Amino acid sequence: MSPQFTSPNGYLDGNVLAGLLSEIFAADLTSCGCRCGACGVVEPVARALVYFCCPGTVARCSHCSAVVLRITTTPAGRWLDLGEGAALCLPIPEQ
């Protein structure tokens, strides 16, 4: 699931989420606004700092580094963590 390359800082920008999010949602969400629960800044998902060196994929706010989104794939499905304890478990599409 993670890209075959890494950046010197250990993260990539939110554009790398396009493929993963397209498997879950019909629209390209990288241009959608995402409000950080910690600092309140609203920016496109594409501006997030995305880390693959952890369990799942973690997107952090580019302003304060708070986690704004987590995506993890388990045998039960693909978990989309929306913060504050809210999460969705979506079925993995048949391939």
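Just so you know, all these numbers are worked out from the coordinates, no wet-lab data involved. Here the structure is a predicted model, which is why all the values come from computation and not from measurement. All Cβ positions, even for glycine, are placed from backbone atoms using ideal geometry, and neighbour counts span all protein chains on display.
Check the cysteines of the chain one by one and keep only those with no other cysteine Cβ under 4.7 Å from their own.
So far as the 4.7 Å Cβ criterion goes, CYS32, CYS34, CYS53, CYS54, CYS89 stand without a partner in the chain.
Name the most mobile residue of CYS53, CYS36, CYS61, meaning the one with the largest mean-square fluctuation, in a Gaussian network model of the chain with Cα contacts below 10 Å.
Ranking CYS53, CYS36, CYS61 by mean-square fluctuation puts CYS53 first.
If you project the alpha carbons of the chain onto their three principal axes, what span does each projection cover, largest first, in Å?
37, 30, 24
Before anything else, pin down the relative contact order of the chain: Cα pairs under 8 Å, at least 6 apart, normalised by residue count, whole percent.
Rounded, it is 19 percent for the chain.
Using Cα centres only, tell me the gap between the stretch 5-44 and the stretch 55-89 in whole Å.
11
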